[in-house]
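The values are calculated or read from the model by the stated rules, or taken from the named source; none is laboratory data. The model shown is predicted, which means the values in this text are computed figures rather than measured ones. In this analysis, Cβ positions are derived from the backbone assuming ideal geometry, glycine residues included, and neighbour counts consider all displayed protein chains. For the accessible areas, the whole protein counts, side chains as well, though only heavy atoms, and no ligand, DNA or RNA atoms are used. Shrake-Rupley method; radii C 1.70, N 1.55, O 1.52, S 1.80 Å.
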Amino acid sequence: MIGKSIFRTEWIKQNHFEFKSFAKYEDNYWLGLIMFSFKSYYLLPEYLFHYRILETSNSHSRNDKRHFERLRVEIEKIKYFQENGFFETYYEVIRNQFLELFYINTLHIIFCQFDYIPLELIQSMQLTVKDIFI
């Protein structure tokens with residue numbers, strides 16, 4: 001969605017939205033922050049940039065533990081939602097997106113881009129999901 005989006009600078013400044021420094025997946029954090037904050041939006045019919053997949057991109061990197069930065073990004077989003085009153089109001093949407101981005105997508109990356117299965121990490125992910133949603 002971020003590649004098909006234009007935001008007013010004034011609106012970004014008024015709401016104090018900033019990119020947080022992560023090794024990867026900054027756009028996941030950004031979209032999480034703004035998702036419940038705008039009243040309306042228009043989705044552009046085409047992308048505004050051309051994404052070039054490089055050998056060093058997320059899409060190609062193997063055994064790159066920086067992929068797990070996505071876990072920290074999603075936990076930071078949960079903290080933001082809880083601190084700003086979105087968690088209870090949008091609980092189901094937040095839960096479903098968290099499960100998809102934190103758990104399912106990370107498992108997909110592990111199984112497709114890693115030569116080993118980090119079982120301890122998967123167990124930790126399961127505990128995190130339980131701690132937040134159960």
> Cα-based Rg of the stretch 60-134 per 2.2 N^0.38 Å, rounded to two decimals?
Replying inline: 1.16
>> Rounded to two decimals, what is the ratio between the C-alpha radius of gyration of the chain and 2.2 N^0.38 Å?
In response: 1.14
> lysines within cross-link reach of K39: Cα-Cα under 19 Å, excluding same-chain residues under 8 positions apart?
Replying inline: K4, K13
>> I want to check the label-to-label distance for L54 and E18. Put each point 7 Å from Cα in the C-beta direction and report it in nm to one decimal.
In response: 2.6 nm
>> Cut-off under 21 Å on the C-alpha distance; same-chain residues fewer than 8 positions from K130 excluded. Which lysines are left, in chain and number order?
In response: K77, K79
>> Of I122, L48, Y90, which is farthest towards the positive pole of the chain's charge dipole, taken about the Cα centre with +1 and -1 on the beta-carbons of Lys, Arg and Asp, Glu respectively?
In response: L48
> Cα to Cα, under 14 Å, and not fewer than 8 places away if on the same chain: which aspartates and glutamates meet these conditions relative to K24?
Replying inline: D64, E69, E74, E76
>> Taking the Cα centre as origin and putting +1 on Lys and Arg beta-carbons and -1 on Asp and Glu beta-carbons, what dipole magnitude results for the chain, to the nearest 20 debye?
In response: 180 debye
> If each of Q82 and D131 carries a label point 7 Å out from its Cα toward its Cβ, how far apart are those two points in nm?
Replying inline: 0.9 nm
> What is the extension gain from E100 to K65, computed as 0.36 nm multiplied by their sequence separation minus the C-alpha to C-alpha distance, in nm to one decimal?
Replying inline: 10.7 nm
> Where does each of V73, V93, V129 land when they are ordered by accessible area, with a 1.4 Å probe and the largest first?
Replying inline: V93, V129, V73
